[in-house]
């Protein structure tokens, strides 16, 4: 480790490690040691220990007796649950946001969309997961429902983990769809907003399942 130790709270470190798990820096099943993480992020081992506990509670890591802590593996069943929950919750968010959003929230959604489109054009695809998650969190906030906002925020990083594999594959289309959603919110059209979000999620779900099919077939062939 370098002589300069960064000051990070366990929560900040947890976010950094979680982001790297979502982006594939740490692969499913990979062991996460306190020493290696402290070295990688330039911190002491104290916040690493707490960050790993938080990641376990969130389902991004799991501990094995006498073996250590490992990156969790997202099961097909969990991924399917997340996709279905998102498909049911987010159109409701969009419908409510069309009539409840504030000018500031609409402006933030447009800003995030522009940032996402810029990142696609310039090939900065590693930024898309964070921007995409934030877009959907702000959309939930714009619904005016504290409960919906809390539910979407709790699910946002797990959902990002599911979709991380498809974001680069349809990045341009995804952010064009975000732009259309913003237009529906600006027009105050709840039915159109809900329909566009439903279609947006369906497209992302299809891309994810298309990506997973060869992996599933390969596992079946070797079993």
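FYI, it's all coordinate maths here, none of it is from the lab. Predicted, not measured: the structure shown is a model, and the values here were computed from it. Cβ atoms come from the backbone with ideal geometry, glycine included; neighbour counts cover every protein chain shown.
The table below lists the values:
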{"item": "Segment residue 126-residue 203, extension gain: residue separation times 0.36 nm, minus the distance between their alpha carbons", "result": "25.7 nm"}
{"item": "Reduced Cα scattering model of the range 94-189, Debye log10 I(q)/I(0), q = 0.12, 0.16, 0.17, 0.22 Å⁻¹", "result": "-0.35, -0.63, -0.71, -1.12"}
{"item": "Centre separation in Å (Cα based) which lies between the range 181-207 and the range 14-67", "result": "35"}
{"item": "Inter-label distance for residue 12 and residue 111, nm, one decimal - labels placed 7 Å from Cα along Cα-to-Cβ", "result": "2.2"}
{"item": "Percent of C-alpha pairs per 10 Å bin, the range 11-65, short to long", "result": "25, 64, 11"}
{"item": "Crossing angle, helix 146-163 versus the chain [Cα axis fit, 0-90 degrees, rounded to tens]", "result": "60"}
{"item": "Cα pair count fraction exceeding 11 Å, expressed as % - the range 95-134", "result": "65"}
{"item": "Percentage of interatomic Cα-Cα distances in the range 1-121 larger than 18 Å", "result": "65"}
{"item": "C-alpha long axis of helix 190-222 to longest principal axis of the chain, angle in °", "result": "40"}
{"item": "Additional length obtainable on full extension of the chain from residue 210 to residue 92, 0.36 nm per residue less Cα span", "result": "39.9 nm"}
{"item": "Rounded to 10°, Cα long-axis angle of helix 76-100 versus longest principal axis of the chain", "result": "40"}
{"item": "Kirkwood hydrodynamic radius of the chain, Cα pairs, Å", "result": "18.7"}
{"item": "At R0 = 30 Å, FRET efficiency that the Cβ-Cβ distance of residue 66 and residue 45 yields, to 0.05", "result": "0.95"}
{"item": "Distance between modelled label sites at residue 57 and residue 146, nm, 7 Å Cα→Cβ extension", "result": "2.0"}
{"item": "Distance (nanometres) between label positions extended 7 Å along Cα→Cβ at residue 78 and residue 186", "result": "3.9"}
{"item": "Rg/Rh ratio calculated on Cα atoms of the range 67-125 (Kirkwood radius)", "result": "1.16"}
